[in-house]
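Read-outs throughout are calculated quantities, based only on the coordinates presented, and are distinct from any laboratory measurement. In this text, all values refer to a predicted model and were calculated from it rather than measured experimentally. Positions of Cβ are generated from backbone atoms using ideal geometry, with glycine treated the same way; all protein chains shown enter the neighbour counts.
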Amino acid sequence: MMDADTNIAALAALVEKGDPDRFLATMAAPPAARGRLFTLQAFNLEVARAPWVTKEPLLAQMRLQFWRDVVAGAGVEAAPAHEVAGPLAELIVQTELPRGVLLAMIEAREADMERAPFADEAALWTYLEATSGGLMVASVCALGGQADTVAREYGAVQGLANYLMAVPALEAAGRLPLPDGRAQAVAALARDGLDRLARAQAARGEVAHAARPALLAAWRAGALLKQAARAPERVAAGALGQSEFARRGSLLWKAMTGR
């Protein structure tokens, strides 16, 4: 049986490989917060991958059901012998995480399994609010904050930025990722994200101080969405991004200033 430090290191390695931006943001958080954040991020990776690791809908459903059972059974049943499930179940009980938020994250991944296009931008935002938004809410709660709209908005906007970067890969996988892929529609979607981010940043003080390190995960959202708003053609070309210096420097600035 792994000790706590070894287990956190294993979770961190999973996140570093599968979600490098969130890994960097978590490493910029206080050490005491990292284990909780890595646990939730590893869980997010597991449910996000479930619809993509197999072409068999039944197998994808089984993977998602496994995580539903872990969330529902935490503190009631013994957690499966799984490097993420065990720490997740312990964290749910320890911090009284809102299980409905975690279950909604799982449920939203049904859309990925179906490979169906989003009907409109409202449907896309609903998906982002449940997935990345849900992860941010759970992360804030794990650090002692409340499940509120500020955290969900931060997470949804971060999700949009990540989603726009993933558009070429999603198209290559046979998806129609955007309700309207025309340049003007992409620019408008990015501006909507920037408006949401501005509102969330203005209300940032409502998030408990101890929980604010969770918000660092959204540190790149503004820069990426500004790029998409100014030059929406970069989305389809897979050209959204920052230099490594700008990427790490902007994280350092936000971690130091708390903005």
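Here are some notes:
- Restricting the calculation to alpha carbons of the range 1-123 gives Rg and Dmax of 15.0, 47 angstrom.
- Taking amide hydrogens as placed 1.01 Å from N in the peptide plane, the amide H of residue 74 sits under 5 Å from that of no residue at least 5 positions away in sequence or on another chain.
- Taking the Kirkwood radius as Rh and the Cα radius of gyration as Rg, the chain has a ratio of Rg/Rh equal to 0.95.
- Distance between the range 1-65 and the range 89-133 - C-alpha centres, whole angstrom: 15 Å
- Pairwise Cα separations in the range 164-215 fall into 10 Å bins from 0 onward with the following percentages, short to long: 21, 33, 25, 20, 1.
- For the chain, the 222 nm mean residue ellipticity estimated from helices alone, with every DSSP H stretch of n ≥ 4 adding -39500 (n - 2.57) and the total spread over all residues, rounds to -22000 deg cm²/dmol.
- Charge dipole (Cα centre; +1 on Lys/Arg Cβ, -1 on Asp/Glu Cβ; no other charges) of the range 49-146 amounts to roughly 180 debye.
- Positive end of the dipole of the range 32-167 (Cβ unit charges, origin at the Cα centre): among 158, 43, 117, the Cα lying farthest that way belongs to 43.
- Rounded to the nearest 20, the Cβ-based charge dipole of the chain about its Cα centre (Lys and Arg +1, Asp and Glu -1) stands at 880 debye.
- Seen from residue 108, the other residues with C-beta closer than 12 Å to its C-beta sum to a net charge of -4, counting Lys and Arg as +1 and Asp and Glu as -1.
- Over the range 123-259, equivalent-ellipsoid semi-axes from the Cα gyration tensor in Å: 25, 17, 13
- Hydrophobic, long helices, defined as DSSP H runs whose alpha-carbon span along the helix axis is 30 Å or greater and whose mean Kyte-Doolittle value is at least -1.0, occur in the chain at 149-172.
- With an a/c value of 1.5 or above and a/b not larger than b/c for the gyration tensor axes a ≥ b ≥ c computed over the alpha-carbon atoms, the range 25-83 is described as oblate.
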